[in-house]
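Trainee: Submitted below is the structure of interest, expressed as structure tokens.
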2 protein chains.
Amino acid sequence: MADALKVGIAGLGTVGASLVRIIQTRANELATTCGRAIEITAVTARDRSRDRGIDISGIAWFDTPEKMANEADIDVFVELIGGASGAAADSVKAALTRGLHVVTANKALLAASGVELAKIAEEKSVLLNFEAAVAGGIPVIKALRESLTGNTVSRVYGIMNGTCNYILTRMEKEGLSFADCLKEAQRLGYAEADPAFDIEGNDTAHKLAILTTLAFGTQIAADEIYLEGISNISIEDIHAAADLGYRIKLLGVAQLTDSGIEQRVHPTMVPHDSVIAQVDGVTNAVAIESDILGELLMVGPGAGGNATASAVLGDIADIAKSSPGAQRVPVLGTPAASLAPYKRARMQSHEGGYFIRLTVADRTGVFASIAARMAENGISLESIMQRSKPDAATDTPKTIILVTHATTEHSVRKAVDAIKAESYLVGEPQVIRIERPKAF
Amino acid sequence: MADALKVGIAGLGTVGASLVRIIQTRANELATTCGRAIEITAVTARDRSRDRGIDISGIAWFDTPEKMANEADIDVFVELIGGASGAAADSVKAALTRGLHVVTANKALLAASGVELAKIAEEKSVLLNFEAAVAGGIPVIKALRESLTGNTVSRVYGIMNGTCNYILTRMEKEGLSFADCLKEAQRLGYAEADPAFDIEGNDTAHKLAILTTLAFGTQIAADEIYLEGISNISIEDIHAAADLGYRIKLLGVAQLTDSGIEQRVHPTMVPHDSVIAQVDGVTNAVAIESDILGELLMVGPGAGGNATASAVLGDIADIAKSSPGAQRVPVLGTPAASLAPYKRARMQSHEGGYFIRLTVADRTGVFASIAARMAENGISLESIMQRSKPDAATDTPKTIILVTHATTEHSVRKAVDAIKAESYLVGEPQVIRIERPKAF
């Protein structure tokens, strides 16, 4: 049997502690499967003495990740610290520069510096694996980087934030408000005390930026993502969506268009009978549409110490199983030096169906005016729904819901602006984009 | 750049021709991604002169697969002939013995001789890849063999036959009979002229046997699978399932139990709101439940020339990207020499819920008798439904549907046998097992 693979783990939070436990308790199985032992020979974390329920007594301790990256007797540097800069970035860079393989779960780091790090890894002929960085336990990086070799991807999209999906699911199933569901998610530990990063879509955007590069072979462009969170979604939207045969999900979508690549994160209506519409709660899902394979959808846990540790362990095992010497798995699917520039498609030119909810004064001619604004902008309508409570007074504002056939963002915004200029509108119009899976 | 990877393709049917076309038209992209060119240097098929819409003029032609395996100047032998024995088996064995990597889409061959072939591959330190053999374009082999390293799998199950899923979907959506849907599937090319291999579950069984070995590290045991096809499913069952909140799918299920491993292929009721229940038509889906990662579900095309060629190409690319020399990816997840014996769990001890449909004479005391037979066998009931047409004459047979709580196959068979011994039963009872996804 070959020499043991020596692993150093930086960061002993939930994922790190879980990883240590698994590698220690399954040492025999791992050695059999990988053809060599996997041995943790170094660790580093903020607090040496904290009780994590794991035994690190026989493992070399380092006071800083940088020191471990530079000095430890290891083959693989596992980064579980987090953050786009600071210790995580410095230590990963140092490890790669030293010629160590790196495994990381750090989406922020990759979204910010993925290309730079991939270049170093490829120069040094080492692997930089990051399955856990996107959609936790779902092997979407492997699918894009390996299984789909030779395919031209046309669209990749998914539910990549468990907090948002949990909230949207609870709103629909229990009829609760966004605020109530957020509070519940916080109580259950599914949402942070400061939930903005999740509910405004930034977390999804980081993951999407990485998938975009893997799918389309372009530079990472995490700052060029159209972003809209879910805090604006009301129970009324969810009910109207259900009546029309849709469910609302926060999707990250990257799509190849004639004018460039769209990257967008926003609440999305998906057909109720599509497979992804059934993905509830904190579960994640990623779909990939490509020209040879067709459509592939993967559903699984997007977070959690064990699921993330499993993905990290899979990455370590891939290194253990690979032969030493020249590695030819390009870190980002395409060799870093061959990545094309990212060409952003303008959001205005996005094509698709739209759900538009308007609250209007109950006045003669309103419906005709709305229909005229749509027609003027070349928008044809799939369905129109007017809602009012049967016992409401005649001067109560009414809700009008429109679902458009495929049109452009530009047309919809122009039409909505024209409607906003009319005097009958009460409150802000709600606009939700519709996304249709190609095959299922 | 490293030397080109030289590939020989045996079999130029739909998949083979598609593969040749893709490798030829995407040569540049493949070379960039893999760090070396992929070049087809040898082909063999039954008929040299047939027009396949591809250019094989510059490629060495061999009259037999065996000759190509033994003599061609290739690094990888791609077997797309099919069949558990004969040319496919002989040529794959010859190629491995010669020290060539092998890629195959041949489930029958692997189900019959997978362990023997894996042993040769491992002795020769070459790769034997077979992603296309199970569920076509869905990368389930990679997930089990690589991503889930270190996990203990408890259950793997899936919709792995497009013909059956197409027929069941059409029956439900159109209210047509099994026979009519089968005819339609044959007309559309989704079913063979002799459909027995698909509809009786044998095709699913081959795939399941391979997944079982990857999931549980045991010897392949394709002959020890409990088998029940879908020809017995009536539109009445499908309607009753819908009323009770279920859909009927032909599942292959491998499950770890206290008394061994269950391998079974049979019509199965899955909860309507589970994700897998939404997988319609010829689409396939495979779910894996494991202790660290949790549940993973993959949905995609299970067949078709392009989807299968894509999976084969992914396997070839993995070889192109890997370093030459010692390979440590065990062919079947566990090194062939370390596979445990397969211990079959008795079907009688299977535990789960059951749907039982009985047609009975409309006689006083029938209901009480059925309830008594269930109770005597310790079976508790989740729901009971009696159906009769409102205008039916009083002596028309009635349909009684029972859904049990978790019980054993043994108890259900005993209860049903006891009911069959009574004089009120009209026709054969229908029994369908219920399967519940763990997480979604």
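Trainee: Can you pull out the residues in segment B:276-318 that are under 18 Å from the mean Cα position of the chain (by Cα), hydrophobic (A, V, I, L, M, F, W, C) and farther than 30 Å from residue B:6 by Cβ?
Mentor: Within segment B:276-318, B:276, B:277, B:279, B:282, B:285, B:286, B:287, B:288, B:296, B:297, B:298, B:299 qualify.
Trainee: Hey, can you tell me all the residues within segment B:59-80 that are β-branched (Val, Ile, Thr) and open to solvent by 50 Å² or more (accessible area, probe 1.4 Å)? Spell out the reasoning first.
Mentor: Our first condition is that a residue be β-branched (Val, Ile, Thr); within segment B:59-80, this holds for B:59, B:64, B:74, B:76, B:78.
Selection gives B:64 alone.
Trainee: Continuing with this model, one more query. Is one or more of the residues making up segment B:361-380 within 33 Å of the chain's Cα centre (by Cα) and free of Cβ contacts under 8 Å to residues at least 60 places away in the same chain? Working first, answer last.
Mentor: Taking segment B:361-380 as the starting set, the residues that turn out to be within 33 Å of the chain's Cα centre (by Cα) are B:379-380.
Now restrict to residues that are free of Cβ contacts under 8 Å to residues at least 60 places away in the same chain: B:379-380.
Within segment B:361-380, one or more residues are within 33 Å of the chain's Cα centre (by Cα) and free of Cβ contacts under 8 Å to residues at least 60 places away in the same chain.
Trainee: Have a look at B:254, B:285, B:205, B:222 and point out the one that is assigned to a helix (DSSP H, G or I), aliphatic (A, V, I, L, M) and either in contact (Cβ under 8 Å) with a residue 40 or more places away in the chain or open to solvent by 10 Å² or more (accessible area, probe 1.4 Å) (or both).
Mentor: On the way: B:254 fails: assigned to a helix (DSSP H, G or I); B:285 fails: assigned to a helix (DSSP H, G or I); B:222 fails: assigned to a helix (DSSP H, G or I).
Of the residues listed, the single one that is assigned to a helix (DSSP H, G or I), aliphatic (A, V, I, L, M) and either in contact (Cβ under 8 Å) with a residue 40 or more places away in the chain or open to solvent by 10 Å² or more (accessible area, probe 1.4 Å) (or both) is B:205.
Trainee: Please enumerate the residues belonging to segment B:394-426 that are part of a helix (DSSP H, G or I) and among the basic types (Lys, Arg). Reasoning before the result, please.
Mentor: Taking segment B:394-426 first, the residues part of a helix (DSSP H, G or I) are B:409-420.
Listed by number, the residues that qualify are B:413, B:414, B:420.
Trainee: Which fully enclosed strands (runs of 3 or more DSSP E) of segment B:68-175 have 3 or more residues being farther than 28 Å from residue B:321 by Cβ? Spell out how you get there, then give the answer.
Mentor: Details: elements: B:76-79, B:101-104, B:153-159.
Passing ranges, in order: B:153-159.
Trainee: Here is a further query. Anything in segment B:257-285 that is in contact with an Asp or Glu (Cβ under 7 Å, 6 or more places away or on another chain) and within 8 Å of another protein chain (Cβ to nearest Cβ)? List them, or say none.
Mentor: Result: B:278, single match.
Trainee: Next question. Answer with yes or no whether residue B:45 is more than 14 Å from chain A (Cβ to nearest Cβ) and open to solvent by less than 50 Å² (accessible area, probe 1.4 Å).
Mentor: yes
Trainee: Go through (1) within 11 Å of chain B (Cβ to nearest Cβ); (2) surrounded by 21 or more Cβ atoms within 10 Å (Cβ to Cβ); (3) in contact with a strand residue (DSSP E or B) (Cβ under 9 Å, 6 or more places away or on another chain) and name the single condition residue A:32 misses.
Mentor: Evaluating residue A:32 over (1) within 11 Å of chain B (Cβ to nearest Cβ); (2) surrounded by 21 or more Cβ atoms within 10 Å (Cβ to Cβ); (3) in contact with a strand residue (DSSP E or B) (Cβ under 9 Å, 6 or more places away or on another chain) leaves (2) as the failure.
Trainee: List every residue pair whose Cβ atoms lie under 6 Å apart, where the two residues are 6 or more positions apart in sequence or sit on different chains, the first residue falls within segment B:290-302 and is within 7 Å of chain A (Cβ to nearest Cβ), and the second residue, located anywhere, is assigned to a strand (DSSP E or B) and among the β-branched types (Val, Ile, Thr).
Mentor: B:296/B:288; B:297/A:299; B:298/B:286
Trainee: Then there is this: Quick one: which of A:406, A:393 is free of Cβ contacts under 8 Å to residues at least 24 places away in the same chain and either of a type in the set (Val, Ile, Thr) or more than 14 Å from every other protein chain (Cβ to nearest Cβ) (or both)? Break it down stepwise before answering.
Mentor: Working: A:406 fails: free of Cβ contacts under 8 Å to residues at least 24 places away in the same chain.
Criteria check complete, one pass: A:393.
Trainee: If you go through segment B:327-337 one residue at a time, do you hit one that is assigned to a strand (DSSP E or B) and farther than 30 Å from residue A:279 by Cα?
Mentor: Initial filter on segment B:327-337 (assigned to a strand (DSSP E or B)): B:332, B:334.
Applying the additional criterion that residues be farther than 30 Å from residue A:279 by Cα yields B:332, B:334.
Checked against the condition, which is being assigned to a strand (DSSP E or B) and farther than 30 Å from residue A:279 by Cα, segment B:327-337 yields at least one hit.
Trainee: Can you find even one residue in segment A:333-356 that is farther than 22 Å from residue A:225 by Cα, of a type outside the set (Phe, Trp, Tyr) and touching a strand residue (DSSP E or B) at 6+ places or on another chain (Cβ under 9 Å)?
Mentor: Yes, some residue in segment A:333-356 is farther than 22 Å from residue A:225 by Cα, of a type outside the set (Phe, Trp, Tyr) and touching a strand residue (DSSP E or B) at 6+ places or on another chain (Cβ under 9 Å).
Trainee: For the subset of segment A:1-20 comprising residues that are more than 10 Å from chain B (Cβ to nearest Cβ) and in a helix (DSSP H, G or I), which member is surrounded by the fewest Cβ atoms within 10 Å (Cβ to Cβ)?
Mentor: Among those residues, the one meeting the criterion is A:14.
Trainee: Turning to a different aspect of this structure: Can you name the condition, by its number, that residue A:140 falls short on among (1) of a type outside the set (Ser, Thr, Tyr); (2) more than 14 Å from chain B (Cβ to nearest Cβ); (3) out of contact with any Ser or Thr (no Cβ under 9 Å at 6 or more places or on another chain)?
Mentor: Just one mismatch for residue A:140, condition (2).
The values are calculated or read from the model by the stated rules, or taken from the named source; none is laboratory data. If you're wondering where the values come from, they're calculated on a predicted model, not measured in any experiment. Glycine also receives a Cβ, built like all others from the backbone with ideal geometry; neighbour counts cover every protein chain displayed. Only protein heavy atoms, including side chains, enter the accessible area calculation; ligands, DNA and RNA are left aside. Shrake-Rupley method; radii C 1.70, N 1.55, O 1.52, S 1.80 Å.
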